[in-house]
Amino acid sequence: MGGPAGTVASPDITPAELRLAVRNHGLPLEALREPITPAGLHYLLIHYDIPAVDPDTFRLEVGGATERALSLTLADLRAREQVSMPVTFECAGNGRALLSPRPVSQPWLTEAVGTAQWTGTPLAPLLEEAGPRPGAVEALFSGLDRGVEGGVVQSYERALSLTDALSGGPLLAYEMNGAPLPPQHGFPLRLVVPGWYGMTNVKWLARITLLEEPFQGYQQSVGYRLYGDDGVPGEPVTRMRPRSLIVPPGVPRFESRERVLERPGPVTLRGRAWSGQAPIERVEVSTDGGATWGTAELEPPIAATAWRGWRFGWDAPAGEHVLCSRAADAAGNVQPLEPPWNLKGYANNAVERLPVHVLSR
Ligand SMILES: Nc1nc2c(c(=O)[nH]1)N[C@H]1C(S)=C(S)[C@@H](COP(=O)(O)O)O[C@H]1N2
Ligand SMILES: [Mo]
């Protein structure tokens with residue numbers, strides 16, 4: 001295993017994918033050992049550019065199908081009810097680069113996940129204060145960032161049904177891990193919707209518009225849909241499917257990042273599992289590439305909105321092994337062994353396969 005320095009990977013990544021990959025970094029997987037991801041290690045996904053925002057003139061505008069329009073400064077938002085919670089984010093494109101053929105977009109392997117402590121004000125009371133008119137069906141969240149995608153000039157914006165928006169889960173966050181949002185994570189304000197794939201958490205949020213017709217914008221009707229091979233947009237991407245990742249054991253080889261254990265013997269494998277559909281109920285671990293499975297011990301949950309730690313004892317024999325972990329949630333969803341295919345490569349929650357080389361003494 002390994003191979004000499006400079007070995008060329010195949011199939012080759014394109015310059016377009018590389019440009020996206022260097023902007024949108026993933027979680028260094030060793031950070032899976034932390035329940036709360038330090039801000040600089042949290043993955044990033046930015047469709048366009050990070051917009052320049054002056055916090056002194058910033059306003060959150062709330063309007064559309066409301067009884068009254070609201071215009072709130074950051075001080076107004078900070079004066080409202082404050083809540084703080086750890087929330088696990090996962091990009092809907094996580095696992096895309098493991099698909100074959102590979103859809104050309106941000107080429108995530110498994111690292112587009114993180115859990116930060118988000119602090120802000122709950123969305124529902126603010127919408128109640130604006131007063132949804134009887135015909136309102138959705139809330140549209142618009143960011144300040146603009147770009148061109150699929151030939152459409154646009155602001156990044158996504159809608160939620162009014163029911164979801166008023167459910168009590170969503171948060172208008174102005175702090176990440178106890179500090180003002182970093183520019184790359186949406187300064188000064190973003191939406192945080194626990195349980196949903198990452199695209200829902202609109203950054204640089206400046207406007208909330210209640211709509212009387214469902215939003216048909218790009219990020220709702222073209223992006224973030226499960227497409228068939230025929231190119232027909234299917235179901236929208238919504239809540240996260242169950243997934244588990246292993247804290248990479250041992251040490252990495254520099255060029256390939258393959259894992260090496262320096263000696264045989266007992267090791268505690270650790271990892272984190274999450275699902276946006278129901279609480280994590282079970283994590284199984286395989287050390288033989290999925291032929292046999294054992295049950296991991298679940299650590300106490302840190303929050304209903306965050307991933308759950310697990311551990312599994314392994315007496316590692318010298319030689320080559322493939323580690324796998326498989327999460328199941330209380331709604332009966334289990335990670336598949338083979339990647340679920342769709343044209344844009346969303347929601348690939350296939351079981352991770354992590355090769356490990358255990359050196360002999
Ligand atoms: N305004 C805006 N919000 C956005 C995005 C964006 O490009 N623009 N990217 C979305 C996507 S696809 C993801 S996965 C998450 C990533 O959040 P993070 O970069 O803070 O981890 O932000 C979402 N919110
Ligand atoms: Mo994403």
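The values are calculated or read from the model by the stated rules, or taken from the named source; none is laboratory data. Note that the structure is a prediction, hence the values are computed from the model and not measured. Ideal geometry is used to build each Cβ from the backbone, glycine not excepted, and the neighbour counts take in all protein chains shown.
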Considering 226, 172, 245, 269, which residue is in a strand (DSSP E or B) and closer than 28 Å to residue 66 by Cβ? 172
Suppose we keep only residues that are surrounded by 24 or more Cβ atoms within 10 Å (Cβ to Cβ), small (Gly, Ala, Ser) and within 18 Å of residue 18 (Cα to Cα) within the range 79-106. Which one would you say is farthest from ligand 1 (Cβ to nearest atom)? 95
For the range 74-94, which residues satisfy the criterion of being within 28 Å of the chain's Cα centre (by Cα) and either at pLDDT below 95 or over 30 Å from residue 353 (Cα atoms) (or both)? 74, 77, 78, 80, 81, 82, 83, 84, 85
If a residue has to be closer than 23 Å to residue 57 by Cα, of a type outside the set (Asp, Glu) and either surrounded by fewer than 21 Cβ atoms within 10 Å (Cβ to Cβ) or not assigned by TED's automatic domain parsing to the domain that holds residue 60 (or both) to count, how many in the range 151-177 make the cut? 2
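Okay, residues lined up against (1) within 16 Å of ligand 2 (Cβ to nearest atom); (2) in a helix (DSSP H, G or I):
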{"position": "17", "(1), (2)": "yes, yes"}
{"position": "21", "(1), (2)": "yes, yes"}
{"position": "31", "(1), (2)": "no, yes"}
{"position": "35", "(1), (2)": "no, no"}
{"position": "44", "(1), (2)": "yes, no"}
{"position": "62", "(1), (2)": "no, no"}
{"position": "71", "(1), (2)": "no, no"}
{"position": "88", "(1), (2)": "yes, no"}
Here are 228, 195: which of them is within 27 Å of residue 116 (Cβ to Cβ), surrounded by fewer than 22 Cβ atoms within 10 Å (Cβ to Cβ) and in contact with a Gly (Cβ under 8 Å, 6 or more places away or on another chain)? 195
Which one of the conditions (1) within 16 Å of ligand 2 (Cβ to nearest atom); (2) out of contact with any Pro (no Cβ under 8 Å at 6 or more places or on another chain); (3) under 25 Å from residue 70 (Cβ atoms) does residue 220 fail to meet, given that it meets all the rest? (2)
Does residue 60 count as more than 9 Å from ligand 1 (Cβ to nearest atom) and either at negative phi or among the hydrophobic types (A, V, I, L, M, F, W, C) (or both)? yes
Give me the residue from the range 119-150 that is within 16 Å of ligand 2 (Cβ to nearest atom) and in a strand (DSSP E or B) and, out of that set, surrounded by the most Cβ atoms within 10 Å (Cβ to Cβ). 141
Given the condition within 15 Å of ligand 2 (Cβ to nearest atom) and of a type outside the set (Val, Ile, Thr), answer yes or no: does some residue in the range 158-178 qualify? yes
Matching residues in the range 115-156 - criterion: being touching a Pro at 6+ places or on another chain (Cβ under 9 Å) and among the β-branched types (Val, Ile, Thr): 115, 137
Only listed residue being within 16 Å of ligand 1 (Cβ to nearest atom), in contact (Cβ under 8 Å) with a residue 12 or more places away in the chain and surrounded by fewer than 16 Cβ atoms within 10 Å (Cβ to Cβ), chosen from 109, 29: 109
